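Remarks on the structure that follows.
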Amino acid sequence: MNAIDRPAPPLQVDRWFNTPDAITPESVRGKVVVLEAFQMLCPGCVAHGLPQAARVHATFPHDQVAVIGLHTVFEHHAAMTPLALEAFLHEYRIAFPVGVDRPGTRGPIPKTMEAYAMRGTPTLVLIDTQGQIRQQHFGQVGDLVLGAQIAALVQEAQAIAALEETHSQPSAGAGCDANGCPIPA
């Protein structure tokens, strides 16, 4: 696990499954994003990463948390085609959106995987409501740890929204109106 605080790079995806529209930073702004990078032939992804992402998808409200899969193939390219991925997603009942990472141009590492500096699969990335990478886990992460991290990011977003709401409301002091509250003379 390593905490990071930098803007999340855009997803460079060739094809999407389980969603009618491409996922963009704008389409998930205001939500905590759980990005699960996987390969369908990766034992850790199949045994742990994808089932955990499915549990997150089933547990957290979709208006607060977006779960996105990223099929990021850096080996066995011939076996992991979009047609094979489509069958895999159906057989494993993966219901959240899944994008196919665009192949790299400088070697076997796909573009989004490279942009996020992922070390392999499974990799789980948490992105806050402002589009900042807040956590990146390579390998397994415990459900309780992940749930607490997601809940903390959701709570942080709610606190920021409440603070912004409070500051946008005019106070009820003397001389206040819809334009604000001038300093008394």
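The values are calculated or read from the model by the stated rules, or taken from the named source; none is laboratory data. Owing to the predicted nature of the structure, the values given are computational and were not obtained by experimental measurement. No Cβ is skipped: glycine too gets one built from the backbone with ideal geometry, and neighbour counts run over all protein chains shown. Only protein heavy atoms, including side chains, enter the accessible area calculation; ligands, DNA and RNA are left aside. Shrake-Rupley method; radii C 1.70, N 1.55, O 1.52, S 1.80 Å.
What to note about this one:
- Between helix 143-168 and the chain: long-axis angle, C-alpha atoms, 0 to 90°, nearest 10: 30
- Beta bridges per DSSP, both residues in the chain: antiparallel share near 65 percent.
- Between Cys181 and Asp5, full extension at 0.36 nm per residue minus the direct alpha carbon distance yields a gain of 59.7 nm.
- Cα gyration tensor category, rounded, prolate or oblate, for the stretch 13-67 with a/c compared to 1.5: oblate
- Sorting 84-91, 132-139 by average packing, meaning the other beta carbons within 10 Å per residue, from highest down gives 132-139, 84-91.
- Peptides ranked, highest mean first, by Cβ atoms within 10 Å: ranges 121-129, 145-153: 121-129, 145-153
- Accessible carbon and sulfur surface of the stretch 27-133 relative to its total accessible area, %, 1.4 Å: 58
- Normalised per residue, the accessible area of the stretch 11-153 is 47 Å², obtained with a 1.4 Å probe and no contribution from ligands, DNA or RNA.
- Annotation: amide H of Val67 within the under-5 Å range of Val34, sequence separation 5 or more or interchain, hydrogens built in the peptide plane.
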